[in-house]
1. Would you check which residues across region 322-337 are touching a helix residue (DSSP H, G or I) at 6+ places or on another chain (Cβ under 6 Å) and closer than 16 Å to Ile372 by Cβ and list them?
2. Name the pairs whose Cβ atoms lie under 9 Å apart, with the first residue in region 61-75 and surrounded by 16 or more Cβ atoms within 10 Å (Cβ to Cβ) and at pLDDT below 95, the second among the polar types (S, T, N, Q) and assigned to a helix (DSSP H, G or I), and 6 or more positions between them or separate chains?
3. Could you grab me the full set of residues in region 394-453 that are farther than 27 Å from Leu368 by Cβ and either aliphatic (A, V, I, L, M) or surrounded by 13 or more Cβ atoms within 10 Å (Cβ to Cβ) (or both)?
4. Can Lys336 be described as surrounded by 13 or more Cβ atoms within 10 Å (Cβ to Cβ) and touching a Lys or Arg at 6+ places or on another chain (Cβ under 7 Å)?
5. Could you please let me know if Glu365 is outside any loop (DSSP other than H, G, I, E, B), among the acidic types (Asp, Glu), out of contact with any Pro (no Cβ under 8 Å at 6 or more places or on another chain) and in contact (Cβ under 8 Å) with a residue 12 or more places away in the chain?
6. Out of Trp373, Trp398, report the one residue that is touching a Pro at 6+ places or on another chain (Cβ under 7 Å), within 30 Å of Leu141 (Cα to Cα) and either of a type in the set (Phe, Trp, Tyr) or assigned by TED's automatic domain parsing to the domain that holds Arg125 (or both).
7. Specify the residue that is surrounded by the fewest Cβ atoms within 10 Å (Cβ to Cβ); the eligible residues are those in region 116-167 that are among the aromatic types (Phe, Trp, Tyr) and in a loop (DSSP other than H, G, I, E, B).
8. Quick check: anything in region 324-333 part of a helix (DSSP H, G or I) and out of contact with any Asp or Glu (no Cβ under 6 Å at 6 or more places or on another chain)?
Amino acid sequence: MSTRPLTKEPSVFDTRSISDIYEEIRSVYVSDDRPWVIGYSGGKDSTTALQLVWNALLPLPEEKRKKPVYVISSDTFVETPAIVDYIDDTLAKINEVAKREHLPISATKLFPLTNDTFWVNLLGRGYPAPSKVFRWCTERLKIKPADRFILDKVSEHGEIILVLGVRKSESANRAQMMNLYKIKGKLLSRHSEFPQSFVYTPIEDFSVDDVWLYLLQNPSPWGGNNRDLLALYKNASEAGECPLVVDKDTPPCGNSRFGCWVCTLVREDKSVQALIDNGEVWLEPLLEYRNMLAETQIPEKKRLYREYKRRDGTVKFHRDGSGAVTPGPYKLEYCKTLLDKLLKIQNQVREQGPDPNLTLIRPEELHLIRRIWRMERGDWNDTVPKIYRQNAVEDLKWIDEDLGAYSAKEAALLEKICAKHEVPLRLVTKLLDVEYQVQGMSRRSSVYSKIGSVLGEEWRSEDEILNDRQKVP
């Protein structure tokens, strides 16, 4: 392969042949017994890395290709729907063809725990839409699932080698990070988090043209169609891909064709918009919802949607000395609005899109959101089932046990009593919830510290806090 790319960016094929690259991969593979874990997102770079490894290992005698190669792909449950079926189909093909060709390659999909999902944190706990200063999603949705898999394999094998489809030419920051952990004189790098894990980057010197040149001149060995992959990129112009995220240094990928449809880490989601422009009009409700979340990040509008207190009951102020309160989580009432809207657009995309069973929020998440609202946010009205029933043909099996002893009737009565005595309603409901949580326990000593924590929260109004702050000399 000697064809030069059309751009001025240097080509890896100016100095190396594809045979040389295959031989390097084989030499790294057979040099030890450490299993490989390949991060696969479905995008061009991870596809190139996986295809290179596959084609390099295939000519090896069977007795030399015994070391397992685990292909892992992260599903955050908020992936762009147009790509989910593509990934699932590809992983199935990888497993089928690898077994037939006696390759030690197996593909696995990774998922976040229900407690860590996007909707449980955003709708349940009220975490605001992710931003560059509060990028809470990446660790929960991507890093933790990958880390669990890596640590599991480290525990099983002692050490592993993580194979990533990352390139130095992606950005100066990426090149700097890749060079930082490089082992001098070796093809491997150290993992930034786990001392028993090492990193191999077979396409680190590829340009973007090299990637497409390789993919279009070498058919997918597992039966995929690389020209279909090219079409996916063309339909989402200016979009890249989200690599497997294994540390906090990986940049956000909100413009990515292979990223999350709810991503607000970028100003504008060009990827989904491009898909819509190219005929996928059923995605419009998702883009509108994403833009609605992005609007809550506008500084002058934050107060409309968010509490003035943090989840722990404290109040924080801007560091700029202005004395302004830094807003906390979304208000419960706004979370209810977001849930209702999400269920409505789920119905829309089911009717207008290619999949009548497309799920945007899973029942497990709804059950946990309900528990959080009732036990942590004082939702005695038990709103989640009501919102769901308004938007669903069939109801879920809602469990009544262990969700608190109080209902809407008690909430209405308590509201009147608190208003009469000028006591914060949420203070009293929190104290009652604490009492209910320790009810029936043989040892109730923990109730005192819990009551103390509730009483220690900030219960003044925002105006009272600001007025008192101004009085301090």
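The values are calculated or read from the model by the stated rules, or taken from the named source; none is laboratory data. Computed from a predicted structure; not experimentally measured. Here Cβ is always computed from backbone atoms with ideal geometry, including for glycine, and neighbour counts include all displayed protein chains.
1. Tyr330, Tyr334, Cys335, Lys336
2. From region 61-75, the pairs are Ser73/Ser46; Ser73/Thr90.
3. Answer for region 394-453, where residues must be farther than 27 Å from Leu368 by Cβ and either aliphatic (A, V, I, L, M) or surrounded by 13 or more Cβ atoms within 10 Å (Cβ to Cβ) (or both): Leu413, Ile417, Cys418, Ala419, Val423.
4. no
5. So Glu365 fits the description; yes.
6. Values: Trp373 fails: touching a Pro at 6+ places or on another chain (Cβ under 7 Å).
After applying the criteria, what remains is Trp398.
7. Checked region 116-167; the qualifying residue surrounded by the fewest Cβ atoms within 10 Å (Cβ to Cβ) is Phe134.
8. Checking region 324-333: at least one residue is part of a helix (DSSP H, G or I) and out of contact with any Asp or Glu (no Cβ under 6 Å at 6 or more places or on another chain).
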